[in-house]
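**Q** Sharing a structure with you now.
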Protein chains: 2
Amino acid sequence: MVEPPHNRLASRRAFAGRIVKVDVETIRGPDGSTLELEIIRHAGASAVVALTGPDRSDPGVLLLQQYRYAASGTLWEIPAGVLEPGETPVECARRELLEEAGARAEAFEHLTTIYTTPGFTDEQIHLFLATQVTVGEPRPAPDEFIEVREVRLSRALDMIRTREMQDAKSIVAILYAARYRFDR
Amino acid sequence: MVEPPHNRLASRRAFAGRIVKVDVETIRGPDGSTLELEIIRHAGASAVVALTGPDRSDPGVLLLQQYRYAASGTLWEIPAGVLEPGETPVECARRELLEEAGARAEAFEHLTTIYTTPGFTDEQIHLFLATQVTVGEPRPAPDEFIEVREVRLSRALDMIRTREMQDAKSIVAILYAARYRFDR
């Protein structure tokens, strides 16, 4: 086992924003040296693979084409968003599916939960599979540039293979659902 | 298509650390309102699925058990690390495989490149498959608590299914390699 190092000497908040906070932690390393680590604190998020249509072997998947300032471009993603105070992961998944894709689902199943990039942030994203989906009108937030697309699961898998889809949470959720829920 | 919004009004650096920098950008939203976005700037990273052993159908995979301060616990991950100045992604993958797992590989193949969490950071991780691997002694950095483990690919896939593995880059790289390089 890797021993948890009980060696945090100090912590200071270096930045507090709307979505993230930055703590600089002073720790003692395994060799006795002192190091500073930057940790981005985040409330966590949920994301959802929403399946549509009657074809059980190759269902439709709701994808978003979303402009991302951080990426300076448009990415293919599944509906997702940050947990609001007091909200459970599945409530967040349900709300974001409605807001971003305009869709409602009867059933939500937890797939897995990921650390997006644990070298510098505590952000976790809870991944869900949503079924029995009804698609309506999206209501994106004012800072979101989103278009909703419905593609076949087989097409989404091709977008992953060809590197057209690059968003980590979306790739994990789609590959996980395909392998462990559809045996494909 | 989603139109790229050419509406950045201002940008200020709110924090500059060892690994990340934080920019606060003022943008005009699609409805004309003004918003502030926090963007974590990161140099990018590489990560590598290193395959060992003679069994082509179920090879060994080098995993790390790594203590992560941000996660307040130990995670299962593949070898990975931040790009050094002037370093190419494959050079970074080769260096991190040697430093973290003590392993050398003859062949590196690019799998895909992911945005870890594009809602708030520009970090990209380049994922590689490494083959013809020779395992030696790891040389972790002073702030790293790491133990190296070799498991079968089938076991790594089980760790993903059962949620024992939670690190996004590792899950993407292993599921991608299994599906698109091993047809399994």
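The values are calculated or read from the model by the stated rules, or taken from the named source; none is laboratory data. Keep in mind it's a predicted model, so treat the numbers as computed, not measured. Reconstructed Cβ throughout: ideal geometry from the backbone, glycine too, with neighbour counts over all protein chains shown.
**Q** Give the residue that is surrounded by the fewest Cβ atoms within 10 Å (Cβ to Cβ), with candidates limited to residues of segment B:38-66 that are at pLDDT below 90 and more than 20 Å from B:L111 (Cβ to Cβ).
**A** Step by step, filter segment B:38-66, then rank; the result is B:P54.
**Q** Sticking with this structure for a sec: If I filter segment B:24-69 down to residues being facing chain A (nearest Cβ under 9 Å) and polar (S, T, N, Q), which single residue comes out as farthest from A:D122 (Cα to Cα)?
**A** Checking each candidate, the answer is B:S33.
**Q** Let me ask something additional. Name the pairs: first residue in segment B:141-169 and within 20 Å of A:R181 (Cβ to Cβ), second residue surrounded by fewer than 18 Cβ atoms within 10 Å (Cβ to Cβ) and aromatic (F, W, Y), Cβ to Cβ under 6 Å, at least 6 apart or on different chains?
**A** These pairs meet every condition: B:R161/A:Y180.
**Q** Taking interchain pairs and intrachain pairs at least six residues apart, which have beta carbon atoms under 6 angstrom, with the first residue in segment A:112-133 and assigned by TED's automatic domain parsing to the domain that holds A:V82 and the second in a strand (DSSP E or B) and aromatic (F, W, Y)?
**A** Hits for this filter: A:Q124/A:Y115; A:F128/A:F108; A:A130/A:F108.
**Q** Do the conditions hold for B:E84, that is, is it part of a strand (DSSP E or B) and either modelled with pLDDT of 95 or more or surrounded by fewer than 17 Cβ atoms within 10 Å (Cβ to Cβ) (or both)?
**A** no
**Q** Something else about it: Determine, yes or no, whether A:Y69 is more than 24 Å from B:A70 (Cα to Cα) and hydroxyl-bearing (S, T, Y).
**A** Spelling it out, A:Y69 is indeed more than 24 Å from B:A70 (Cα to Cα) and hydroxyl-bearing (S, T, Y).
**Q** Select from segment A:62-75 the residues that are in contact with a strand residue (DSSP E or B) (Cβ under 6 Å, 6 or more places away or on another chain) and part of a strand (DSSP E or B) and list them in ascending order.
**A** Matches in segment A:62-75: A:L62, A:L63, A:L64, A:Q65, A:Q66, A:Y67, A:R68, A:T74, A:L75.
**Q** Keeping to segment B:25-49, report how many residues are out of contact with any helix residue (DSSP H, G or I) (no Cβ under 6 Å at 6 or more places or on another chain) and assigned to a strand (DSSP E or B).
**A** The qualifying residues number 14.
**Q** Here is a follow-up. Name the single residue, out of those in segment A:87-134 being part of a strand (DSSP E or B) and within 30 Å of A:T26 (Cα to Cα), that is farthest from the chain's Cα centre (by Cα).
**A** Per the stated criteria, the residue is A:T121.
**Q** Name the residues in segment A:66-80 that are more than 15 Å from the chain's Cα centre (by Cα) and of a type in the set (S, T, N, Q), would you?
**A** Correct list: A:S72, A:T74.
Here's the yes/no breakdown for (1) in contact with a Leu (Cβ under 6 Å, 6 or more places away or on another chain); (2) among the β-branched types (V, I, T); (3) surrounded by 20 or more Cβ atoms within 10 Å (Cβ to Cβ):
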| site | (1), (2), (3) |
| --- | --- |
| B:E96 | no, no, yes |
| B:A105 | no, no, yes |
| B:E123 | no, no, yes |
| B:P140 | no, no, no |
| B:D158 | no, no, no |
| B:E164 | no, no, no |
| B:I171 | no, yes, yes |
| B:Y176 | yes, no, yes |
| B:F182 | no, no, no |
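**Q** Could you grab me the full set of residues in segment A:18-27 that are buried (at least 16 other Cβ atoms within 10 Å of the Cβ) and either in the same structural domain as A:D122 (by TED's automatic domain parsing) or without any contact (Cβ under 8 Å) to a residue 60 or more places away in the chain (or both)?
**A** A:K21, A:V22, A:D23, A:V24, A:E25, A:I27
**Q** Also, quick follow-up: Looking at this structure, is B:D58 free of Cβ contacts under 8 Å to residues at least 12 places away in the same chain, in a loop (DSSP other than H, G, I, E, B) and out of contact with any His (no Cβ under 8 Å at 6 or more places or on another chain)?
**A** It is false that B:D58 is free of Cβ contacts under 8 Å to residues at least 12 places away in the same chain, in a loop (DSSP other than H, G, I, E, B) and out of contact with any His (no Cβ under 8 Å at 6 or more places or on another chain).
**Q** If the requirement is being within 11 Å of another protein chain (Cβ to nearest Cβ), of a type outside the set (K, R), touching a helix residue (DSSP H, G or I) at 6+ places or on another chain (Cβ under 9 Å) and over 16 Å from A:I160 (Cβ atoms), which of these qualifies: B:G119, B:G81, B:G73?
**A** After applying the criteria, what remains is B:G81.
**Q** Tell me the residue from B:A173, B:A156, B:A141, B:A177 that is part of a loop (DSSP other than H, G, I, E, B) and either farther than 21 Å from B:V82 by Cα or within 11 Å of chain A (Cβ to nearest Cβ) (or both), please.
**A** B:A141
**Q** Let me ask you something else. Residues in segment A:125-138 that are under 18 Å from A:S46 (Cα atoms) and either aliphatic (A, V, I, L, M) or crowded, with 20+ Cβ neighbours inside 10 Å (or both): how many?
**A** The qualifying residues number 7.
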